[in-house]
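Data block below; observations after.
The values are calculated or read from the model by the stated rules, or taken from the named source; none is laboratory data. This one's a predicted model, so the numbers in the text were calculated from it and none came from an experiment. For neighbour counting, all protein chains shown are included, and Cβ atoms are generated from backbone atoms with ideal geometry for every residue, glycine included. Calculation scope for accessible area: heavy atoms of the full protein, side chains included, ligands and nucleic acids excluded. Shrake-Rupley method; radii C 1.70, N 1.55, O 1.52, S 1.80 Å.
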Amino acid sequence: FTLVTSGMSSRPMNVPPGREGCEYSELVLCLPSDWHVLEGDYEKEQYWWPFRLLKFLARLPHEEGCWAWAGTTVPNGDPPEPYDASVGYCCALIAAPILFGDDFLTLTLDGRAVHFHSVLPLYREEMDAKLAGGLDALLDLWDEKAPEICELVNPERRNAGL
């Protein structure tokens, strides 16, 4: 299942100087084909958390006046708490899409460029590695310990930060 936000790009984000043309984004996250997505399943947080995460991240730039772009990390609280007891993920990284081709990166809509970004759930130790050493440090860690990481949620994925 591929989840794509719709509406995040309805208003421009506040962008830093020099990043004009990057005001509009939407987010994408994929769920395994056996994920429970029927109406009653939404009552169970173990299946609902990815949807809640996307909704939260899509609203964040407009509610907080910030810029959410590739490389942005967002914790689930302070200190970060797991999205659900069934997973250890407690943070998210907004990143360039991995599973989709270059044609998916940007859509011209009503004369403006809408950029698509993936949401990658993180463990606390992975976010700590990114905060301490930058995005390249996290990517190096993943290359070494968890090269399968992509926007397809894997509740069983091991923590590359351990």
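How much length would be gained if the chain were fully extended between residue 35 and residue 137, taking 0.36 nm per residue of separation minus their Cα-Cα distance, in nm to one decimal?
Between residue 35 and residue 137, full extension yields an extra 33.6 nm.
Work out which GluC sites (Glu not before Pro) in the chain are exposed loop sites (DSSP not H, G, I, E or B, at most 15 other Cβ within 10 Å) and give the longest gap free of them.
So the longest stretch without any such site is 21-147.
In region 18-50, which residues have a backbone nitrogen under 11 Å from the label point lying 7 Å from residue 4's Cα in the Cα-to-Cβ direction?
Residues passing the 11 Å test: 26-29.
Taking a probe of 1.4 Å, how large is the accessible area per residue of region 1-114, in Å²?
Value for region 1-114: 54 Å² per residue.
Just need the relative contact order of the chain here, percent rounded to a whole number, with Cα pairs under 8 Å and 6+ apart.
24 percent
Which three semi-axes in whole Å describe the equivalent ellipsoid of region 25-130, each the square root of 5 times a Cα gyration tensor eigenvalue, listed largest first?
Rounded to whole Å, the semi-axes are 23, 18, 14.
Computed FRET efficiency, Cβ-Cβ of residue 104 and residue 45, R0 35 Å: what is it to the nearest 0.05? Don't skip to the end; give the middle numbers.
Values: r = 30 Å, r/R0 = 0.84.
So the FRET efficiency works out to roughly 0.75.
Between residue 19 and residue 78, what length comes free when the chain is fully extended (0.36 nm per residue of separation minus the Cα-Cα distance, one decimal in nm)?
Stretched out fully, the residue 19 to residue 78 stretch lengthens by 18.4 nm.
Spelling out what I want: for every residue of region 33-42, take phi, set θ = phi - 60°, compute 6.51 cos²θ - 1.76 cosθ + 1.60 (Karplus), and round to whole Hz; glycine and proline get x.
Using θ = phi - 60°, the values come out as 5, 9, 5, 7, 10, 6, 3, x, 5, 5 Hz.
So for region 114-162, Kirkwood radius off the Cα pairs, Stokes-Einstein at 4 °C and 1.567 mPa s: how many µm² s⁻¹?
Translational diffusion coefficient: 115 µm²/s.
Considering only protein heavy atoms and a 1.4 Å probe, what is the carbon-and-sulfur percentage of the accessible area of region 43-151? Mind showing how you got there, number by number?
Numbers: 2820 of 5540 Å².
Roughly 51 percent, rounded to a whole number.
Using Cα positions and a limit of under 16 Å, work out the lysines in reach of residue 130, with same-chain residues fewer than 8 apart set aside.
145
Full extension from residue 59 to residue 145: what is 0.36 nm times the residue separation minus their Cα-Cα distance, to one decimal in nm?
Between residue 59 and residue 145, full extension yields an extra 27.8 nm.
Please calculate the 1.4 Å probe accessible area of residue 55, with all protein chains present, and give it to the nearest 10 Å².
That residue has around 90 Å² of solvent-accessible surface.
Out of 89, 29, 62, whose Cα points farthest toward the positive end of the dipole of the chain (charges: +1 Lys, Arg; -1 Asp, Glu; placed on Cβ)?
62
About its Cα centre, how strong a charge dipole does region 1-142 have in debye, to the nearest 20, once Lys and Arg get +1 and Asp and Glu get -1 at the Cβ?
Numbers: 9 positive and 21 negative charges, 61 e Å.
So the magnitude is around 300 debye.
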